[in-house]
1. Of all the residues that make up the range 256-280, how many are in a helix (DSSP H, G or I) and more than 19 Å from residue 419 (Cα to Cα)?
2. If you check residue 389 against the conditions, is it surrounded by fewer than 20 Cβ atoms within 10 Å (Cβ to Cβ), in contact (Cβ under 8 Å) with a residue 24 or more places away in the chain and touching a helix residue (DSSP H, G or I) at 6+ places or on another chain (Cβ under 9 Å)?
3. If you scan the range 397-449, which residues turn out to be out of contact with any strand residue (DSSP E or B) (no Cβ under 9 Å at 6 or more places or on another chain) and under 29 Å from residue 377 (Cα atoms)?
4. Within the range 156-174, how many residues turn out to be under 28 Å from residue 184 (Cα atoms) and either more than 19 Å from the chain's Cα centre (by Cα) or in a loop (DSSP other than H, G, I, E, B) (or both)?
5. Return a yes/no flag: does the range 281-292 have any residue that is modelled with pLDDT of 80 or more, under 22 Å from residue 232 (Cβ atoms) and assigned to a helix (DSSP H, G or I).
6. Could you tell me whether the range 265-287 includes any residue that is crowded, with 24+ Cβ neighbours inside 10 Å and within 11 Å of the chain's Cα centre (by Cα)?
7. Go through (1) surrounded by 23 or more Cβ atoms within 10 Å (Cβ to Cβ); (2) assigned to a loop (DSSP other than H, G, I, E, B) and name the single condition residue 312 misses.
8. May I ask you to say which residue of 118, 137, 181 is modelled with pLDDT under 90 and within 19 Å of residue 224 (Cβ to Cβ)?
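The values are calculated or read from the model by the stated rules, or taken from the named source; none is laboratory data. This one's a predicted model, so the numbers in the text were calculated from it and none came from an experiment. Note that we place each Cβ from the backbone using ideal geometry, even for glycine, and neighbour counts take in every protein chain shown.
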């Protein structure tokens, strides 16, 4: 079914526009059954003869009732009664319809033009736009390249560049249900949280929440921390754009908050916790049939220590410190487990591990559904995601164990993917727990990352995609090349492609620069005393300030109806980083079909 984003509509039969139409319709229906009695009754009335026709002997023997013209005869008095009855029904129907029209006209007339305008405006708003009045993070305007997370540009020390291209595929799809988001300066890598710092963390928690204790104005005017930590995401929606648009606006905010609260936990665990939290929040929102697949990547600078228990051979220092302190605590036979001894163990472990730590670039990924993440390493395609489809044997067993069925490679014959965000009507089967990976980037070997929805992978293999764009240095041009390739191969789905190309020289410089750390412990700009805020806090705080000043509408903006990526106007001077040339996404903006809040759309199978 093409255009799964808009609710299906069934053509209804035209209704009568007036009472006379209703009356005539009923009379014609009676006449079609017996056209002759009315004529016979009229003739009888004019002659004054009230006798009724009798059956002939042959007719009586056969049991048939026939009149001269082949229609069953009827008594004149019966015909008059039917005529009166028909007229009475028509009269009552006419009276009721007239009364209803009069009431409707009176109610409409009593309403002011402003009320009508407000209702019309409200009915044209999408559910996401209506939610923007309650959650102003949803009102963040689209950024460069139609970025759902807002305006994010590379800084002077950025070690990567992001390129995005999208296409609705208008020959096959009526709406664009994909959303993407990226940040050049995602949350800095937190230092290990020592036990003694618990109280100070509680006191500083308010400063971690964007726009609350500090206020929107304070956050908007504070400087932003340059971390060179990246966040990249593509969401492929089904049964509407709501879930994909909401995740594009909110998932990175939820992830940042969870990382801040759990600095000692491994990132893969926090990604799983984030996806679970997103599912729980989507369950409370309208349009519960809406869902989306998701492919998320987080690129961070980390101080890592050797570890035999990690598949990568190393682990981040914060989880390592927490584990070492816990083991030291257990070794204290029968000793107190109060905060002070635990803090002492944590500080000792931190001091010991800090000396052996090395700074590395680490890529974390998480995905549900069939959107993919591909890493190009020395020209070879390494898949960092897992296709959660009904055709997968492992996923099929999981669905069966949960009480579901796989019919035609679809969950219960409806959904083509076995894991997704949203889809709360079958969440007991379609889980939101992601497949996660952890990869240490090797600057000499790793070249770029491809994140794309299944519209590309349905017609292109991983290695073919890598080979096609390996020699294209501009990430935007590379993303466009892959989208055009998919269209040429007759892809039938929406297309979204994001390419993150690494700068090897910049990575090596930041990696070896011990005196001028960026995005990790030792970076002076990440300290609470610096007064700087994260990029997420800056974007949300600026939006809240504009809303408070009346310079921006307090409504959510979906990825399909607003965006610098579709705006032909150039950026203002000073908005871009050094040497950065913005590239605009071409094509017309596709508006999301309006839907009344609370109305669930007709369920369309996920056709990917």
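1. Applying the first criterion (in a helix (DSSP H, G or I)) to the range 256-280 yields 256-261, 267-280.
Those still in the list that are more than 19 Å from residue 419 (Cα to Cα) too: 256-261, 267.
Looking only at that region, the number is 7.
2. no
3. Listed by number, the list holds a single entry, 444.
4. Of the residues in that region, 9 qualify.
5. Step one: filter the range 281-292 for residues modelled with pLDDT of 80 or more, giving 281-285, 289-292.
With under 22 Å from residue 232 (Cβ atoms) added as a condition, the list becomes 281-282, 291-292.
Keeping just the survivors that are assigned to a helix (DSSP H, G or I) gives 281-282.
Yes; the residues of the range 281-292 include at least one that is modelled with pLDDT of 80 or more, under 22 Å from residue 232 (Cβ atoms) and assigned to a helix (DSSP H, G or I).
6. Yes, there is a match, as at least one residue in the range 265-287 is crowded, with 24+ Cβ neighbours inside 10 Å and within 11 Å of the chain's Cα centre (by Cα).
7. Here residue 312 clears every test but (1).
8. Checking each option against the conditions leaves just 137.
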